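Colleague: Could you have a look at this structure, given as structure tokens, before my questions?
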Amino acid sequence: MKTKVKNVKGITLIALVITIIVLLILAGVTIATLTGDNGILTKANEAKTITNEKDEEEQIEIGYTEYLMADQTGEKVDFKVSEAKVTGKEGDWIIRFNKTGKEYYFDGETITKVTWEQKGDTITNIETKQTLKVGDYVDYDPTLEANASDLTYTSKTDKTGADSDQEFNAETYKNAEYGWRILGVSKGKLRLISGEFVGAGNYTNGSRTYYTLKGQKGYINGIEELNKISAIFGHGKGAEKATSITAEDINEITGYDPATAKCEEGNFNEYGNKVTYTKEGETKLSSSATNGQKWSGTQNTLNYYDKSNKTFKTLTSGSTQITSTFYYYNPTTLNTKQEKPTQGVDENGVYNTIYQILFGKYAVNKDSYEISFVGTGTQPRYWLASESALTVKNGVTWGLRRVNDGKVLNRGIFFSTGTEYSYDDYGVRPIVYLKSDISLEWNNTLQKWKIK
């Protein structure tokens, strides 16, 4: 019924426009007034487009309401939208309408029209056909049109485990003139990445600063803190938000899939391996894993992370099961080996543009396949807002992932016996999501895209 009403409305709008045009012509209005960029016909088409998009968004909302209602009754159904094809998984849907061909991204809360598409390192605006390149610089200013109170963040010691508070200011990064580069398109939105990693306090090219995370506090709050620090860069003109880069962001670009790569296969810390730790008495500890690994011995303490309560608990008796999420890899081979590159390098073995943005300018030796830094300035080394649990026979090392030495690695900051580790030599890397209706203009003098 609602579809019918909308069809009638659409016909009425067109008929009304035609009638008005005829009357205007009879009244002596020129064709130039009717056509052109600001003409009546153009404006009418724009109005029709907006109407179509509103109708499509409403169809998505109706489909999602029906999906939720079915879920409440215990009925398992797929998310469907009238006259559209839905792909993707729950909370990560792409809806393409059959009639208009328009696509929308829907996460269960926000409907976003897909405006940009990416093929290789070329990015195209679906509507205007404007093309950009991955790695292009954008004259983005995180302080422009932003409230001063949104541009600073203090990461407190009770959140990080560090010896002192760590202060971040978007103005400091702006003044360092490291700039912002096009990272690519994700879920229909254009993303920028900071040209360099961000540190606490004041920093220059000759004196870089970093961000410290330590022990239980660093593990529990690290991801949230990295995102809060990054958020101060997401208030500038044209920005929707900013978050910390994650290992998943990098994996999407490199094509690495930890589930199929099976890092450390056959060992206790094999990715996806489920290890059950059992405590008997004060000192006896044993472990058994789904991949067949077993161990028994003596150990006084085993702390484990209770994710639902965001706290560490001590296992005094009984068992607890921990899943290994540990992995690391070389982005040119997508494994842990030092071997001939299969991707990400040019004919001389030098990292390509997107790899240089993420990892720095590294080169692979054609004989030994050893990776070495061949760039200038500070080598990229920064935290990733992604957790890591490295299971071994007698416990777990909890930590976050990082980029260092041209690779995706891990950094353990708390071991289950209670040992805490502090690392103060990694920075923060924000990603800025631009609004879907953003308009860019090339500035030939600056050799950058300007946000209009």
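Colleague: Is one or more of the residues making up the range 332-346 out of contact with any helix residue (DSSP H, G or I) (no Cβ under 8 Å at 6 or more places or on another chain), among the hydrophobic types (A, V, I, L, M, F, W, C) and in the same structural domain as Q293 (by TED's automatic domain parsing)?
Modeller: No, the conditions are met nowhere in the range 332-346.
Colleague: Collect the residues in the range 180-210 that are under 13 Å from the mean Cα position of the chain (by Cα) and not in a strand (DSSP E or B), keeping them in residue-number order.
Modeller: Matches in the range 180-210: K187, G188.
Colleague: Right, next: Find the strands (runs of 3 or more DSSP E) located wholly in the range 278-394 whose residues include 1 or more that are among the aromatic types (F, W, Y) and over 30 Å from D121 (Cβ atoms), and list them.
Modeller: 294-298, 303-306, 311-314
Colleague: Something else: Does G399 satisfy the condition of being small (G, A, S), over 30 Å from N300 (Cα atoms) and surrounded by 20 or more Cβ atoms within 10 Å (Cβ to Cβ)?
Modeller: It is false that G399 is small (G, A, S), over 30 Å from N300 (Cα atoms) and surrounded by 20 or more Cβ atoms within 10 Å (Cβ to Cβ).
Colleague: Now, a different point. Looking at the range 144-152, can you tell me whether even one residue there is part of a loop (DSSP other than H, G, I, E, B), of a type in the set (D, E, K, R) and in contact (Cβ under 8 Å) with a residue 60 or more places away in the chain?
Modeller: Looking for residues that are part of a loop (DSSP other than H, G, I, E, B), of a type in the set (D, E, K, R) and in contact (Cβ under 8 Å) with a residue 60 or more places away in the chain, one finds at least one in the range 144-152, hence yes.
Colleague: Take the residues in the range 83-111 that are touching a Phe, Trp or Tyr at 6+ places or on another chain (Cβ under 9 Å) and among the basic types (K, R); name whichever of them is surrounded by the fewest Cβ atoms within 10 Å (Cβ to Cβ).
Modeller: K85
Colleague: Same structure again: Looking at the structure I just gave you, is D158 closer than 20 Å to I413 by Cα, touching a residue at least 24 places away in the same chain (Cβ under 8 Å) and either aromatic (F, W, Y) or surrounded by fewer than 22 Cβ atoms within 10 Å (Cβ to Cβ) (or both)?
Modeller: yes
Colleague: Taking the range 151-172 only, how many residues are over 15 Å from G222 (Cα atoms) and among the aliphatic types (A, V, I, L, M)?
Modeller: 2
Colleague: How many of the residues making up the range 398-452 are more than 21 Å from C263 (Cα to Cα) and outside any strand (DSSP E or B)?
Modeller: Residues meeting the conditions: 16.
Colleague: Of all residues in the range 293-316, which are surrounded by fewer than 16 Cβ atoms within 10 Å (Cβ to Cβ) and closer than 22 Å to L400 by Cβ?
Modeller: D306, K307, S308, N309, K310, T311, K313
Colleague: Further question: Quick one: which helices (runs of 4 or more DSSP H) sit completely within the range 211-277 and have at least 2 residues that are of a type in the set (A, V, I, L, M, F, W, C), surrounded by 18 or more Cβ atoms within 10 Å (Cβ to Cβ) and touching a His at 6+ places or on another chain (Cβ under 9 Å)?
Modeller: none
Colleague: Hey, can you tell me all the residues within the range 163-184 that are surrounded by fewer than 22 Cβ atoms within 10 Å (Cβ to Cβ) and more than 23 Å from W449 (Cα to Cα)?
Modeller: Once the filter is applied, which keeps residues that are surrounded by fewer than 22 Cβ atoms within 10 Å (Cβ to Cβ) and more than 23 Å from W449 (Cα to Cα), the range 163-184 yields D163, S164, D165, E167, N169.
Colleague: Do we find that S422 is over 25 Å from the mean Cα position of the chain (by Cα) and crowded, with 23+ Cβ neighbours inside 10 Å in this structure?
Modeller: no
Colleague: So for the range 256-278 (the condition being under 30 Å from K156 (Cα atoms) and among the β-branched types (V, I, T)), does at least one residue qualify?
Modeller: no
The values are calculated or read from the model by the stated rules, or taken from the named source; none is laboratory data. Note that the coordinates shown come from a computational prediction; the quantities given were computed from them, not determined experimentally. Neighbour counts run over all protein chains shown; Cβ positions are idealised from the backbone, glycine included.
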